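Worksheet: one structure, shown below.
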There are 2 protein chains.
Amino acid sequence: AGQDTSVAEEARAYLAQFYREKGAPRAFEVRWAQVSAELQRTGTYVQTYDELSFGAKLAWRNSTRCIGRLFWNGLEVRDMRHLTDEDEILSALVEHIELATHGGNLRAMMTVLAPANRAGEGPRIWNGQLLRYAGYPNPDGTVTGDPMNVELTTKALELGWKGGARTRFDLLPLIVKLPGREPRWMEIPRRVVREVPLVHPDLPWFASLGLRWYALPAVSELLLDIGGVKYPAAPFNGWYMATEIGARNFSDPYRYNMLPVIAERLGLDIQRSSSLWRDRAQVELVRAVVHSFERAGVKIVDHHTASEDFVQFAQAEQGQGRCVHMRWSWIVPPIGGSATSVFYMDEDRHPDVTLKPNLFYQPKPWTGAA
Amino acid sequence: AGQDTSVAEEARAYLAQFYREKGAPRAFEVRWAQVSAELQRTGTYVQTYDELSFGAKLAWRNSTRCIGRLFWNGLEVRDMRHLTDEDEILSALVEHIELATHGGNLRAMMTVLAPANRAGEGPRIWNGQLLRYAGYPNPDGTVTGDPMNVELTTKALELGWKGGARTRFDLLPLIVKLPGREPRWMEIPRRVVREVPLVHPDLPWFASLGLRWYALPAVSELLLDIGGVKYPAAPFNGWYMATEIGARNFSDPYRYNMLPVIAERLGLDIQRSSSLWRDRAQVELVRAVVHSFERAGVKIVDHHTASEDFVQFAQAEQGQGRCVHMRWSWIVPPIGGSATSVFYMDEDRHPDVTLKPNLFYQPKPWTGAA
Ligand code: HEM
Ligand code: HEM
């Protein structure tokens, strides 16, 4: 009773792939008999740790917007599906931050919380990333901090968070919500949060800008979808590619918008766009990011190396007889495009096809839509 | 007899658009009666100058890979459909170079030669652009000049061209072929060719690299397709966006590959890609291009200005109730991507849809395929 055809189809297809890629295609039938019975009975099924963990790796491998996929098979998956209490979950997230940061030698890691129920409801993490800087709107329309997080900051304050010291780099608390319950939040203990102050290899004044960024990019708003089972809270991290911080977070006009400030300090003519002040400021910003992370002993990759790695990933995949799908506009880095090898990958031969398992956008958690 | 349905359909659709956009939709019926009779009789029809010229403008407006489209309505169209003699054609191309260069104040221009016949054969220009630098292969596998033009250079030499002084910047002769005849070539008179030696605003040694580029980017290998009539030779030009020269022609490893040389002169560490030597060399190269063209009084646009112009184009089009189609990967400039406004245009809302009239790739002329 109650079996959802598409769930069964997805389960079947995933399990077949699982056993095929594990090199044991004949083991599929036995497991499928089990799973289809369980689906008949309950409408869903409980994945084994191996099924979960391999599915998470495939979700990464299938992420067409990710340039870091060479390392897909090295993902460490933490099974936290059994946690039912907010405090336990919040602790598990703090533990994720600590284990994945790994003293600066970052490890690619995912922590999987309970799957969604048949109504599509499951645990949600309200933070877009586990580590996020608050954005406080000012009366004059500017924002102190990261404008991207103004809404999340408002939510946190509404839930009783007192706000931080109102610097540009106040860490937001973690917020978690379970179905049918109120959201719960906690401050992240400072000791688990590694941050890197930005300095520049050649420009001493750069340090006085007072910029810093956190070491661990851990995306916590995507839905992990494996074999017909949906996990709305499955935060994962790799390590940063320097352009993400230098050429987006600090560059974008609707983020920290630092290019004009840096260009002026560089003495560039910001009246004429043909002085290329934006491009020059951006390159110095990204240089500062790479240099600062390396100096601090925090793992980071530059966009040239990441591009080479991605080309190697594509070759390895093709060697396995698999197609490589990509969204060109995300894979090509935001600066130095034509100086990277991925720029020359043919979009038409690598279309943006969404395979499952995968990681999907889902409605903002506070909208109430499951 | 002999009417090709799709030709009639395309003719009808184009003429309807022509009169609609000209604000005289009721004039359509009379013209369509004429054209459909002509199509019945001959299988094709002769476009009026206005139909040709507006069609050429629409072909530009519909070019999804072109960032320069704000100025589509200012295209000057030269009607050279009547030329049947190679010498006359070669002279018309030389004249195009001279008129379009316009003493450095470049004008967007197109010269349309005769359409293809019913077998799909028409005049072809063998040069990918009217101005092209020769590429001479050396015994050690390197190329003197532009590696992109090695094949064209070989063809020119086979046709009896003696080659130039074997510099990196020898201009190739123009080569034209009419259906059923041998290709004919001529040297381009030096006096019509404007070139710009590259110097850098701050780096005196840059001039000693001996780099130069021509002022006029005139693409001559695309097929112009208007209302069911195909023009295989319709060279057109705008003016350069500086990144085309600095961040592609001189940067690409399979073109002039100048980044390592420039990075070394800049004293950068080219052993570590994380020094961002490629990005830094590229920015200086593009700065040199903008500066040199401006200094020489030759019209050029930087990628920030071009991006703003394109956003304005998109707004104007939407204001007219038309959709803007684009190929994001071509519209976003090859350096400083995220520092330009076009980076933030949503690919999904501006898909790469090919409307007609348009400009199309066609088989290399020397393959014999029409
Ligand atoms: C190991 C180092 C990694 C690197 C260097 C890397 C790099 C990147 C970069 C540069 C982006 C584009 C980000 C942006 O422009 O906002 C991205 C996106 C993405 N990556 Fe990775 N990544 C890594 C690990 C991972 C892991 C472990 C996963 C999942 C298990 C993953 C899945 C994704 C997904 C789903 C996106 C798209 C995110 C979105 O749409 O917001 N990546 N990655
Ligand atoms: C007026 C100044 C113009 C500017 C600044 C401009 C800019 C550009 C740029 C930067 C590209 C990409 C080139 C590349 O990466 O290889 C491009 C492509 C293109 N443009 Fe324009 N353009 C201009 C005028 C024109 C005109 C007059 C036409 C046609 C009438 C045109 C049609 C095209 C087409 C068809 C392409 C694609 C070419 C290909 O696929 O090789 N553009 N344009």
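Data for the structure
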{"quantity": "Long-range neighbours under 6 Å by Cβ, at least six apart or interchain, first residue assigned to a helix (DSSP H, G or I) within the stretch A:97-113, second away from ligand 1 (no atom under 11 Å from the Cβ) and modelled with pLDDT under 95", "calculated": "none"}
{"quantity": "Of the criteria (1) modelled with pLDDT of 95 or more; (2) in contact with a Gly (Cβ under 6 Å, 6 or more places away or on another chain); (3) within 16 Å of ligand 2 (Cβ to nearest atom), which one B:G337 fails", "calculated": "(1)"}
{"quantity": "Only listed residue being over 15 Å from B:D279 (Cα atoms), facing chain B (nearest Cβ under 8 Å) and crowded, with 24+ Cβ neighbours inside 10 Å, chosen from A:S251, A:S273", "calculated": "A:S251"}
{"quantity": "A:S220 being of a type outside the set (V, I, T) and free of Cβ contacts under 8 Å to residues at least 40 places away in the same chain", "calculated": "no"}
{"quantity": "Subset tally (residues that are within 26 Å of B:D302 (Cβ to Cβ), crowded, with 23+ Cβ neighbours inside 10 Å and more than 14 Å from chain A (Cβ to nearest Cβ)) for the stretch B:216-244", "calculated": "7"}
{"quantity": "Exclusive hit being within 13 Å of chain A (Cβ to nearest Cβ), touching a helix residue (DSSP H, G or I) at 6+ places or on another chain (Cβ under 7 Å), buried (at least 22 other Cβ atoms within 10 Å of the Cβ) and of a type in the set (D, E, K, R), set B:D309, B:D302", "calculated": "B:D302"}
{"quantity": "The one condition in (1) among the hydrophobic types (A, V, I, L, M, F, W, C); (2) touching a strand residue (DSSP E or B) at 6+ places or on another chain (Cβ under 8 Å); (3) in contact (Cβ under 8 Å) with a residue 60 or more places away in the chain that A:W330 fails to fulfil", "calculated": "(2)"}
{"quantity": "Residue check for B:P201: within 22 Å of B:M258 (Cα to Cα) and within 22 Å of the chain's Cα centre (by Cα)", "calculated": "no"}
{"quantity": "Considering residues of the stretch B:317-358 that are among the small types (G, A, S) and not in a helix (DSSP H, G or I) only, the residue nearest to the other protein chains (Cβ to nearest Cβ)", "calculated": "B:G336"}
{"quantity": "Some residue of the stretch B:204-223 being in a loop (DSSP other than H, G, I, E, B), β-branched (V, I, T) and more than 16 Å from ligand 1 (Cβ to nearest atom)", "calculated": "no"}
{"quantity": "B:V289 in contact with a strand residue (DSSP E or B) (Cβ under 8 Å, 6 or more places away or on another chain) and not in a helix (DSSP H, G or I)", "calculated": "no"}
{"quantity": "Qualifying residue in the stretch B:86-95 (condition: buried (at least 21 other Cβ atoms within 10 Å of the Cβ), away from ligand 2 (no atom under 16 Å from the Cβ) and more than 20 Å from B:A11 (Cα to Cα))", "calculated": "yes"}
{"quantity": "B:K57, sole failed condition from (1) within 18 Å of B:D309 (Cα to Cα); (2) touching a residue at least 24 places away in the same chain (Cβ under 8 Å)", "calculated": "(2)"}
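Quick grid of which residues meet (1) within 19 Å of the chain's Cα centre (by Cα); (2) assigned to a helix (DSSP H, G or I); (3) on the phi < 0 side of the Ramachandran plot:
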{"residue": "B:Y45", "(1), (2), (3)": "no, no, yes"}
{"residue": "B:K57", "(1), (2), (3)": "yes, yes, yes"}
{"residue": "B:T64", "(1), (2), (3)": "yes, no, yes"}
{"residue": "B:W72", "(1), (2), (3)": "yes, yes, yes"}
{"residue": "B:L83", "(1), (2), (3)": "no, no, yes"}
{"residue": "B:N117", "(1), (2), (3)": "no, no, yes"}
{"residue": "B:G141", "(1), (2), (3)": "no, no, no"}
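The values are calculated or read from the model by the stated rules, or taken from the named source; none is laboratory data. Everything numeric here is computed off the predicted structure, so don't read it as measured data. Cβ: placed from backbone, ideal geometry, glycine included. Neighbour counts: every protein chain shown.
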